[in-house]
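One structure is given here, and the rest of the page talks about it.
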Protein chains: 6
Amino acid sequence: MPTDAEIVATLSEVTTATITTILLKKGLRNVWLRGTAPLKPGQPRLVGRAFTLRFVPAREDLATPESWSSPKSTRAAIEAMPEGCIAVAGTMGVTDAGIFGDILCGRMKKKGVAALVTDGVVRDLAGVLASALPVWCRGAAAPPSVAGLTFVNWQEPIGCGGVAVFPGDIIVADGDGAVVIPTALVEDVVKLGPEQERLEAWIMSEVEAGKPLPGLYPPNEETKSRYEAFKSGKRS
Amino acid sequence: MPTDAEIVATLSEVTTATITTILLKKGLRNVWLRGTAPLKPGQPRLVGRAFTLRFVPAREDLATPESWSSPKSTRAAIEAMPEGCIAVAGTMGVTDAGIFGDILCGRMKKKGVAALVTDGVVRDLAGVLASALPVWCRGAAAPPSVAGLTFVNWQEPIGCGGVAVFPGDIIVADGDGAVVIPTALVEDVVKLGPEQERLEAWIMSEVEAGKPLPGLYPPNEETKSRYEAFKSGKRS
Amino acid sequence: MPTDAEIVATLSEVTTATITTILLKKGLRNVWLRGTAPLKPGQPRLVGRAFTLRFVPAREDLATPESWSSPKSTRAAIEAMPEGCIAVAGTMGVTDAGIFGDILCGRMKKKGVAALVTDGVVRDLAGVLASALPVWCRGAAAPPSVAGLTFVNWQEPIGCGGVAVFPGDIIVADGDGAVVIPTALVEDVVKLGPEQERLEAWIMSEVEAGKPLPGLYPPNEETKSRYEAFKSGKRS
Amino acid sequence: MPTDAEIVATLSEVTTATITTILLKKGLRNVWLRGTAPLKPGQPRLVGRAFTLRFVPAREDLATPESWSSPKSTRAAIEAMPEGCIAVAGTMGVTDAGIFGDILCGRMKKKGVAALVTDGVVRDLAGVLASALPVWCRGAAAPPSVAGLTFVNWQEPIGCGGVAVFPGDIIVADGDGAVVIPTALVEDVVKLGPEQERLEAWIMSEVEAGKPLPGLYPPNEETKSRYEAFKSGKRS
Amino acid sequence: MPTDAEIVATLSEVTTATITTILLKKGLRNVWLRGTAPLKPGQPRLVGRAFTLRFVPAREDLATPESWSSPKSTRAAIEAMPEGCIAVAGTMGVTDAGIFGDILCGRMKKKGVAALVTDGVVRDLAGVLASALPVWCRGAAAPPSVAGLTFVNWQEPIGCGGVAVFPGDIIVADGDGAVVIPTALVEDVVKLGPEQERLEAWIMSEVEAGKPLPGLYPPNEETKSRYEAFKSGKRS
Amino acid sequence: MPTDAEIVATLSEVTTATITTILLKKGLRNVWLRGTAPLKPGQPRLVGRAFTLRFVPAREDLATPESWSSPKSTRAAIEAMPEGCIAVAGTMGVTDAGIFGDILCGRMKKKGVAALVTDGVVRDLAGVLASALPVWCRGAAAPPSVAGLTFVNWQEPIGCGGVAVFPGDIIVADGDGAVVIPTALVEDVVKLGPEQERLEAWIMSEVEAGKPLPGLYPPNEETKSRYEAFKSGKRS
């Protein structure tokens, strides 16, 4: 099993497109977090273990500004986040209230959290961008989280974007959005991902050279031989 | 504080329409479980404490027929249900897979569960109806729950129909659907509900007698006096 | 121009299916109120002039139980409804709060309102059914209208089910749902509807006799001759 | 491979719930036609080969009443339907226009079509019910199909309810809705379905006798032995 | 009561995030216009009184290019707009037709309209951007408004983004989107907003200095004292 | 009838806003592809004949990586695309799987395809942007097309964005999105478009000069005269 540092180093070079293809071949079709996108164009690919945050819809007797001081608050959750984790917040489809603004994102950044990924939205967009925390979300809404959401707990299994996420699953987020890799499949993805990227880069160079697609992608035997020759040549 | 038996006896005579009006006056607007309706027309009004079931979306590596034997299974949850409770299952909007069919509903009925309330759907509609368990849901779908859902745990806070439900909250379900009464507000509802029903029945009799609405509903001072006189007369 | 009594008498025998076909041939494609259905199976076809009710989403400072006594209330609107009208309530897609319950529906019935048609929902379903007012709607929800809606005014142009409805337009509602006939087109529909129904009934009898569809529906020249012969025979 | 008569006879006794469970175990999760339900409560389970109808959204220059006489019309499609088939119509989510009314359903009934299954709606609900053709659909809308749909062709691969349906696939429809069985998997389902039904009926009798779920459903080794003994006893 | 100039000057420095928090504490949860976002990144925060525009869905007999010359046209509405107002257009969820293009936006800009806010879309995106009118909307669609919408009137109460907006309400729009402040609450927001912003800026500086969240945000007594000391120091 | 080169040259100077207005006047209201937008801001307006691609939802037995080598594959479709065409892919609302990534878009670019227009999404956003193929779509998702879609065929009638598209229809895509011009109406649009653009540019210049809208847009007789004078002056 690779170390977390090896996982991060390797998967930082593998697209979510490649990862979802590998997981599909292993029989996993529901690993893509629907509806979450980079808040800022050009955010780099980020990899980390999921630190989950669970919300349920607001109830006026519970979801009040006062609840922010409760021991089961988002504040306490943030203080519990380890460096390098990716915070994943499941909001059950509520996009009318921003889960976090500049102050909470600023604190996450200070704590060394790698990224925030949510199927909800953030608030105070300008402030969140200024905090420099990389965020994947569905946009922005000004109302505070208690206007639409009640925070329940952290590090529980959650649903996010129509996908189950468990604490400790590996999350990879890039320009397309975010994917979850179940712990048991991380080793496979780390092993297969880089070679798949190399193959696709070579195929892309063939496309640029004018080769037609049939037989090239996916590669037939002749193409595979040429690719092997290319790799040998490169090595020699 | 009324006993559970008193709560059930009293609220069985109070419509969910009246309960939501009382809760609105207390500042609670989000207590109505959206999208859940009686599976069978004419189901009686049912009242009980919420026994919550939490699902997240399916993940192919977890949501398998094999998972049905795991200790965190829906089967174990059902065995833990006390007599008279209302099982409330939150499905995060998944309506492509039935959470329970005839066998599980049959066992709930045997255990004395008062009703099943869910924002999801059941499967094997004919079998569920034959089990005689009263169900409030969004309809039926044949696929097993593992086709779309992963069961996580029981007796946790959940979202159901866009509303937060905590274990032990009072649930009332009738022809309109289902409402949650937070524990701290049950006493108020039990106190105010029956009198509101009496008042509305009297107003309805006035409407049937041809009285116009302004001044009648809501009642002005003159109407209130007439109602008080009616109540005195009835008592005398 | 036919009288209202003639319109009601004639269109009570014409299906909404036939009416929408006639309006389509006149270039009107958007006359069908989406999402509204008979509350009770077997409600008879009803015809009347639209009496419109306009709601906007709730605002907590306005949509309170106290507002029910304001001069711009739903109560005042109901008192203004003429006998035989069809009340059409536009709710802007809000289905979390019932616009009317037993008392208001009971008063409408007393006033001789022909039907209530809405793209929203009613509350206290059992009570509404007991009031005997025919209702077309999207279902039921217990919360009072002020939980989700603010009443604005009556007899203004509204949107209902994705369609513009103006005060005085003719509404026809039957088992399929409800259609609006703009005033300027009523005469055409009254003229063409009954004959279209006769033709389709005859075609249906031909289908029952085993005739294939091509040439029969829509009728070619030969079929039209046979139909004319049938009509002459019937008359002679 | 079983004959079509054997398929129909066998699967008429197997619920769609059981069929989707068997297909899930074979790796097929997307075989359930979302959003289609029996038009009339109590329709019997029906089984047949899919005869597909493909619609695309309406275009005013094409989708006219005149198009009903074109050779690529729904009328010609109906005449091409073999006895015993199940017509499956894909409508791309359009529910504002009814695909068929009484006349076309009446002709399908005459032709011996077993059922109509669609993710769209029908028109002239009363007439369709009177035609006695069993229908699975999403409800009713009065406007003619050309108001929202353009018919393209028959016996092509279609999407219906979020599922791919190919001409000749087996369709089973019952109280829960409709499922597609790809041709290559029919034999498996026919073989495994009846035994699964027998097992579940026996488990249900155990539930009725008060047995708890763990170990019973799914059955552990002890339960399997008891079931085998039950079957032997029955046979002897 | 502050003057309009004071309102604009003050609230231009208060985020919509802060405003919605203040309104929530006053009991208003439904003041956020869902689904409307700045058309152009970096648009400055804008404040003004709502000038409302009401649309209903299109009806082919009314919504024609000819209607553009009617006295109840969008053109007449624009000529009636006072300098500094924010035009708020409610479209009942129609996003298939652009409410305004370059010419109408250009005229609004000429008239000194501060901004256009809508839950609908604009057309001729390039032209609208060239007009330099700041716009908050849901995107762009080329078809003219009459393809999907009928204009009804101006300066009536409307629904926009699921919120009630009355003529003269204060609108604030910034990077997160747009919020409505009911007239009766403007004074409170003007009074509380700037201080809340100062407090949050100081808290953010504390976060940047590495302080943990519990006790800081929301501030406990010790934090409040430190903040008061900071303010005194700043003043002295 | 204009040549394709003339169509492209002329319509490259006509906005989709103007085209949809012209088509509306001809009675075509449903020609706008909903939900598709330029992938990259600033993409130039593009014009070409539709080369259609038809997808249906995924079925696990068919939609596999192996299917990419089948003769009915997207690869074969791309090789069949003529230079200058606009590929239009209908995805039946599936946005959880990207239809194409960098390699397929790169090959389309090589083949001289003018643009890709889809109501679905692409995958490997960075790679697609690097391919330089202009794309109109609903965003990005990493999973491969087979995770959600089964490719059926090319050059068949399709639905895309709620609109019927036939092979050979003219597609125009610009900053607002994409419109389809049925073949029979191309000549009209080519004839009327440029003059409409000239008129609107002149009206815009009048707006910039401070003219009020009534009488100007749409132009009354006096405005039309001034415009004619302007045109004469320009020509002389």
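The values are calculated or read from the model by the stated rules, or taken from the named source; none is laboratory data. Small disclaimer: the values here were computed from a predicted structure and weren't measured. Ideal geometry is used to build each Cβ from the backbone, glycine not excepted, and the neighbour counts take in all protein chains shown. Surface accessibility is based on the protein's heavy atoms, side chains included, excluding ligands, DNA and RNA. Shrake-Rupley method; radii C 1.70, N 1.55, O 1.52, S 1.80 Å.
Once both labels are positioned 7 Å from their Cα atoms along Cα-to-Cβ, the gap between D:SER67 and C:GLU13 label points is 3.3 nm. Histogrammed with a bin width of 10 Å, the alpha carbon distances of the range C:143-201 distribute as 17, 38, 29, 10, 6 percent, first bin at zero. Look at the stretch F:200-212: the mean tally of other chain Cβ atoms within 10 Å of its residues' Cβ atoms is 4. For B:GLN43 and B:ASP4, a Förster radius of 25 Å and the Cβ-Cβ distance give a FRET efficiency of 0.75, rounded to the nearest 0.05. Each listed q (0.14 Å⁻¹) maps to a log10 I(q)/I(0) for chain C, found by the Debye formula over equal Cα scatterers with no solvent: -0.86.
With K and R counted +1 and D and E -1, the other residues having a Cβ less than 12 Å from that of E:ARG29 yield a net charge of +1. Backbone amide hydrogens, once placed in the peptide plane, bring A:GLY98 within less than 5 Å of A:ALA141, A:SER145, excluding anything fewer than 5 places away on its chain.
The HN-Hα couplings worked out from phi for the range D:135-142 by the Karplus form 6.51 cos²θ - 1.76 cosθ + 1.60 (θ = phi - 60°) are 10, 10, 7, 9, x, 9, 8, 6 Hz, whole numbers, x standing for Gly and Pro. Ranked from shortest, the separations from the 7 Å Cα-to-Cβ label point of B:LYS191 to its equivalents in the other copies are 3.2, 6.8, 6.9, 6.9, 8.0 nm. Neighbours of D:PRO212, meaning other residues whose beta-carbon lies under 11 angstrom from its beta-carbon, give a summed charge of +3 when Lys and Arg score +1 and Asp and Glu score -1. Computed from Cα atoms alone, the Kirkwood hydrodynamic radius reported for the range B:49-116 is 12.7 Å. Taking trypsin sites (Lys or Arg not before Pro) across the range E:48-108, the ones in a DSSP loop with at most 16 further Cβ atoms lying within 10 angstrom of their Cβ are E:LYS72. Here the dipole of the range D:159-236 is about 320 debye; that uses its Cα centre as origin and unit charges on the Cβ of Lys and Arg (positive) and Asp and Glu (negative). Copy D relates to copy C by a rotation, and the D residue whose beta-carbon is nearest that axis, with the distance in whole angstrom, is D:PRO41, 6. When F:LYS110, C:LYS191 are compared by accessible area at a 1.4 angstrom probe, the order from most to least is C:LYS191, F:LYS110. State log₁₀ I(q)/I(0) for the range D:103-201 at q = 0.16 Å⁻¹ as given by the Debye formula over alpha-carbon point scatterers of equal weight, solvent excluded. These q points yield log10 I(q)/I(0) values of -0.84. Using the Cα gyration tensor of the range F:78-126, with a ≥ b ≥ c the square roots of its eigenvalues, what is the shape: rounded (a/c below 1.5), prolate (a/b larger than b/c) or oblate (neither)? Oblate shape, in that a/c is at least 1.5 and b/c is the bigger or equal ratio. Across B:GLU83, F:GLU60, the residue with the most accessible area heads the list, and the full order at a 1.4 Å probe is B:GLU83, F:GLU60. The label-point distance for C:GLU222 and D:GLU222, in a model that sets each label 7 Å from Cα toward Cβ, rounds to 7.6 nm.
Shape analysis of the protein assembly as shown based on the Cα gyration tensor places the equivalent ellipsoid semi-axes at 41, 41, 41 Å, largest first. If you run the Gaussian network model on chain F, springs between alpha carbon atoms under 10 Å, then out of F:VAL56, F:VAL207, F:VAL121 the most flexible one is F:VAL207.
The antiparallel fraction among DSSP beta bridges confined to chain E stands at about 60%. The charge dipole of the range B:1-96, taken about its Cα centre with unit charges on the Cβ atoms of Lys, Arg (+1), Asp and Glu (-1) only, comes to about 460 debye.
What fraction of the Cα pairs in the range E:1-100, stated in percent, has a spacing above 23 angstrom? Cα-Cα pairs of the range E:1-100 separated by over 23 Å account for 43 percent.
Across the copies of the chain, A:GLN43 has label points (7 Å from Cα along Cα→Cβ) spaced 2.3, 2.3, 4.2, 4.6, 4.8 nm apart, shortest distance listed first. Each of F:ASN153 and B:ARG198 was given a label point 7 Å from its Cα along the Cα-to-Cβ line. The distance between the two points is 7.3 nm. Which shape class, rounded, prolate or oblate, goes with the range C:150-236 when its Cα gyration tensor gives a ≥ b ≥ c as root eigenvalues, a/c under 1.5 marks rounded, and past that a/b bigger than b/c marks prolate? Because a/c hits 1.5 or more and a/b exceeds b/c, the range C:150-236 counts as prolate. With its label point put 7 Å out from Cα toward Cβ, B:ASN153 sits 0.2, 5.3, 5.4, 5.4, 5.5 nm from the same residue's point in the other copies, in order from shortest. For the range E:131-170, backbone nitrogen atoms closer than 20 Å to the point 7 Å from F:PHE230 Cα along Cα-to-C-beta are found at E:131-133. Taking Cα centroids, how far is the range D:165-236 from the range A:121-159 in Å? Distance between centres, Cα-based: 46 Å. Normalising the average separation of contacting C-alpha pairs (under 8 angstrom, six or more residues apart) by the number of residues puts the relative contact order of chain E at 29 percent.
For chain B, a crude dipole built from +1 on the beta carbon of Lys and Arg and -1 on the beta carbon of Asp and Glu, taken about the Cα centre, is about 140 debye to the nearest 20.
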